[in-house]
Amino acid sequence: MTTTTTGTRTVERVVHSVSTLEGAGFAVRRPFPTESLAIVDPFLLLDHLGPTTYGPGEAVGAPDHPHRGFETVTYVLEGAVEHKDSTGGGGIIGHGDVQWMTAGGGIVHSEMPTDEIMRDGGTVHGFQLWVNLPRRDKMTQPRYQGIRLDQIPTGQSEDGKAKVKVIAGESMGVSAVVETRTPIMYLHFTLQPGARVEQSVPGNYNAFAYVINGDVLAGDQGQQFHEGDAAVFAGDGDRVVWSVADAAPAPADVLLIAGVPLNEPVVHYGPFVMNTQEEIYQAIKDYHAGRIWTDSQIGLYEA
Ligand code: FE2
């Protein structure tokens, strides 16, 4: 990885999402982990949930399940998700809200459509990103940072054609409110036809963009990306650029996600992501013995 090069990063590869089912059977599009892209260190997974419109009684979610060793970042674009967990925490992640959950040493939680959506039906659309924790933080106390739509800092370009929600990191002179364990950038851009964005991304960050909707031109070459595509940038510069053609029929939404790679061993088994196989066996043992539930309840993990 080059850390001193300046200039516009090239697009190293394009990844088309794979459609799959998660939880109790909700549809997601997943650029990684897939056969063609295992990881964008420190990011382990990106799931694009829906948009799915459920009829009355049809909605499904992810009932009680554990996590250890990483963070889950839930960003709801439409609909609402209700969460409950083993620390006694819970609440509703509503339209436009973000929940940054540090699972650390472990937590058991459920992520379900709200009672209202379960009963009456409705549309659910959002993202879940898994952010790996460095070895030193894997067994830290679980923590939530809930950021409501109106608390997410926003910025816009001088011509007003590009808007950004700053979930993590900095963009257009605006800084995020969320605290991350390692340097991370999570930006949601809404681009009108004719918009052009130049975003600085430090040379030591891994970076990718994901197109939520619309048609986007990325890099100096103006490579085309469409809904569900991820563009992984090479580490050959300190900024990324993309734009939407003047003649585009609709605006586009793009996520830019970037962070400093951990460069540590990743041993991944379902909802546990640790550094060694031993630690995975321990996580499975702890879960089956009910310790992830009780230790997270009574605060037994490292502070
Ligand atoms: Fe979860």
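The values are calculated or read from the model by the stated rules, or taken from the named source; none is laboratory data. Everything quoted here is computed from the prediction, not taken from an experiment. Ideal geometry is used to build each Cβ from the backbone, glycine not excepted, and the neighbour counts take in all protein chains shown. Ligands, DNA and RNA are stripped out before the accessible areas are found, and what is left, the full protein with its side chains, is counted by its heavy atoms. Shrake-Rupley method; radii C 1.70, N 1.55, O 1.52, S 1.80 Å.
Descriptive notes on the structure:
- The single condition from (1) away from the ligand (no atom under 16 Å from the Cβ); (2) open to solvent by less than 70 Å² (accessible area, probe 1.4 Å); (3) out of contact with any Gly (no Cβ under 7 Å at 6 or more places or on another chain) that ILE117 fails is (3).
Condition check ((1) in contact (Cβ under 8 Å) with a residue 60 or more places away in the chain; (2) of a type outside the set (Phe, Trp, Tyr); (3) within 16 Å of the ligand (Cβ to nearest atom)) across all residues:
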position	(1), (2), (3)
GLY79	no, yes, no
TRP100	yes, no, yes
PRO113	no, yes, yes
ILE147	no, yes, no
GLN151	no, yes, no
GLN156	no, yes, no
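- Candidates are the residues of region 75-94 that are hydroxyl-bearing (Ser, Thr, Tyr) and closer than 26 Å to HIS288 by Cα; the one that is least open to solvent (accessible area, probe 1.4 Å) is SER86.
- Residues in region 126-139 that are buried (at least 17 other Cβ atoms within 10 Å of the Cβ) and either more than 16 Å from the ligand (Cβ to nearest atom) or of a type in the set (Lys, Arg) (or both): ASP137, LYS138, MET139.
- The lone exception for HIS48 - which of (1) within 16 Å of the ligand (Cβ to nearest atom); (2) crowded, with 20+ Cβ neighbours inside 10 Å; (3) within 28 Å of HIS288 (Cα to Cα) it fails: (3)
- If only residues of region 25-39 that are in a strand (DSSP E or B) and open to solvent by 10 Å² or more (accessible area, probe 1.4 Å) are counted, the one that is farthest from ASN206 (Cα to Cα) is PHE26.
- Tally, over region 41-77, of residues that are touching a residue at least 60 places away in the same chain (Cβ under 8 Å) and not in a strand (DSSP E or B): 8
- Selection from region 243-265 of residues that are in a strand (DSSP E or B) and touching a residue at least 60 places away in the same chain (Cβ under 8 Å): ALA252, ASP253, VAL254, LEU255, LEU256, ILE257, ALA258, GLY259
- Among the conditions (1) farther than 28 Å from GLY121 by Cα; (2) modelled with pLDDT of 95 or more; (3) surrounded by fewer than 14 Cβ atoms within 10 Å (Cβ to Cβ); (4) not charged (D, E, K, R), PRO56 misses just one, which is (1).
- Of the residues making up region 265-303, those that are buried (at least 18 other Cβ atoms within 10 Å of the Cβ) and aromatic (Phe, Trp, Tyr) number 4.
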